[in-house]
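Here's the structure, in structure tokens; my notes come after.
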């Protein structure tokens, strides 16, 4: 049977995709935690990071068209990831300042936030389309993705080889998630974020500057989404509309894991990636059914556990 | 607990701290929620070292008063002065830094943080958590030490109240605002908490106490204010209020003779 034969390959692909969903989902869930807002413009934060990374690579590769090797490959990749992270963080930061902070100052109802988020999303991707064109962008390779090890079982064209790129994607995503988990649970900024997510008013009584915490939460979400965007760009088409589908998927992952819960977002992302990958292996013509399966999983989980896998109470989990 | 009671100064009859300089002054403070006026220009004073009780029925404006002092609400007019400085326009998170601690109504424990993390949140305004303050809180509330690794949400009501007060103490407040510390608690626990409030005061913290439990509060306090629908209708030394027939009837559950 195809699925059993390709189990390891499918699992591996699922983890690779899922770790990217997780990186993006964290931004949704953290912002939800501190603002009770589904930041639908987060998909554009992700997209802008991917573009930032691609532009960095293009600029670096511009001098010679060759694929760099050795240390320069490492440098290229690292610089692209940093560029993506910085661009996304800057977009997320500005988004909060320009779009959401004025609403918070005026105590706007939640619906207004939601409409603003959708508006900001439309604005941002159209702006990107206007500035950078509406065609897919060429992504220069930052390094030779050589074989690292071979997975058990066999792929459609011989055994599936895990390449450097795969390792890079998964390793980077996991390192970022571990660092984030430490920041949230072990640092003062982290305790501020958790306090605001649990009870913003009481957090103020402890001396927490809620505005600052919200702003930094957007920045953290942006950093992760930007890195996710650059990694995603290394094996997907890059364009101004690229944020939509991964954005929706990551949002699904965040809800699946329990919105507001950071570890839930990580878990939900991985789970969704694996479910998608497995469904491709199990269902004939699976690729066409991937999105259907994801959302069916979401609906089923929410029916059984409305607060998501790790969510404790509706809304207020951190 | 009972052996510690002897270290508490004898019940204050002749107001000693009430002659001190004012630490907190509210002058004609008016607060409104939308169109509804919750405080209709109140004057109130808490002097250095005092326990002042703020009494009144539900909706009289007691909580609103505390929330205005700690900056969660902005007065529409009037002025709040703390240690001689006007608090106008200072955001809540900065008011804490001036030395005003607030144990809010309903305790508002961070339910998914441990007891220790809650106490550390109380010291958020400092660079690092002072072990000395932590030891002091654990000394006041040994119960919290036993429960330090438990989640705040899993504590009993009394323990949560202790945590709320302990958390506020971690910010080293010169003025502590306590909003209904006895709410929903068994009489024995209430007695314990009031005893600790008295100790905290004896250790040098000035206290503004909001209470529905007027009898208990007045036994503890130096002075009291009675609020009715957003106005101060009475203010006097606690002993006088305790013996005032109107107070006895309205707030101490006694019928007039």
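The values are calculated or read from the model by the stated rules, or taken from the named source; none is laboratory data. Note that the structure is predicted; figures quoted are calculated from it, not measured. Neighbour counts run over all protein chains shown; Cβ positions are idealised from the backbone, glycine included.
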Inter-residue pairs, beta-carbon under 6 Å, first in contact (Cβ under 8 Å) with a residue 60 or more places away in the chain and in the stretch A:134-147, second assigned to a loop (DSSP other than H, G, I, E, B), 6+ apart: A:136/A:237; A:136/A:239; A:141/A:67; A:144/A:67
Is it true that residue B:42 is touching a strand residue (DSSP E or B) at 6+ places or on another chain (Cβ under 9 Å), on the phi < 0 side of the Ramachandran plot and at the interface with chain A (Cβ under 10 Å from one of its Cβ atoms)? no
Every listed condition ((1) surrounded by fewer than 20 Cβ atoms within 10 Å (Cβ to Cβ); (2) within 25 Å of residue A:120 (Cα to Cα)) holds for residue A:253 save (1)
Any chance residue B:234 is surrounded by 15 or more Cβ atoms within 10 Å (Cβ to Cβ), modelled with pLDDT under 95 and under 27 Å from residue B:72 (Cα atoms): yes
Identity of the residue in the stretch B:69-122, in contact (Cβ under 8 Å) with a residue 40 or more places away in the chain and in a helix (DSSP H, G or I), that ends up farthest from the other protein chains (Cβ to nearest Cβ): B:115
Can you report the number of residues in the stretch A:91-118 which are surrounded by fewer than 18 Cβ atoms within 10 Å (Cβ to Cβ), touching a residue at least 12 places away in the same chain (Cβ under 8 Å) and over 19 Å from residue A:210 (Cβ atoms)? 2
Looking at the structure I just gave you, is residue A:19 within 16 Å of residue A:274 (Cα to Cα) and at pLDDT 95 or above? yes
Go through B:57, B:38 for me and flag whichever is surrounded by fewer than 20 Cβ atoms within 10 Å (Cβ to Cβ) and over 17 Å from residue B:177 (Cα atoms). B:57
Pick out the one residue from A:227, A:179, A:183, A:150 that is surrounded by 21 or more Cβ atoms within 10 Å (Cβ to Cβ) and either modelled with pLDDT of 95 or more or touching a strand residue (DSSP E or B) at 6+ places or on another chain (Cβ under 6 Å) (or both). A:227
Residue list for the stretch B:165-184, restricted to those being within 23 Å of residue B:61 (Cβ to Cβ) and either more than 14 Å from chain A (Cβ to nearest Cβ) or surrounded by fewer than 18 Cβ atoms within 10 Å (Cβ to Cβ) (or both): B:180, B:181, B:182, B:183, B:184
Considering each of A:307, A:241 in turn, give the residue that is surrounded by fewer than 23 Cβ atoms within 10 Å (Cβ to Cβ), within 14 Å of another protein chain (Cβ to nearest Cβ) and touching a residue at least 24 places away in the same chain (Cβ under 8 Å). A:307
For the stretch A:276-290, what are the residues that are touching a residue at least 24 places away in the same chain (Cβ under 8 Å) and surrounded by fewer than 19 Cβ atoms within 10 Å (Cβ to Cβ)? A:282
Can you name the number of the only condition in (1) over 20 Å from the mean Cα position of the chain (by Cα); (2) touching a residue at least 12 places away in the same chain (Cβ under 8 Å); (3) within 12 Å of chain A (Cβ to nearest Cβ) that residue B:143 fails? (3)
Of all residues being farther than 24 Å from residue B:201 by Cβ and touching a strand residue (DSSP E or B) at 6+ places or on another chain (Cβ under 9 Å) in the stretch B:47-68, which is farthest from the other protein chains (Cβ to nearest Cβ)? Just the residue, please. B:57
Hand me the list of helices (runs of 4 or more DSSP H) wholly inside the stretch A:130-243 holding 1 or more residues that are closer than 29 Å to residue A:73 by Cβ. A:164-186, A:210-233
Just to be sure, is residue A:37 in a helix (DSSP H, G or I), at pLDDT below 95 and surrounded by fewer than 24 Cβ atoms within 10 Å (Cβ to Cβ)? no
So residue B:9, is it at pLDDT 95 or above and more than 14 Å from chain A (Cβ to nearest Cβ): no
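Any residue that is closer than 26 Å to residue B:221 by Cα, within 11 Å of another protein chain (Cβ to nearest Cβ) and touching a residue at least 12 places away in the same chain (Cβ under 8 Å) - is there at least one of those in the stretch B:148-164?
yes
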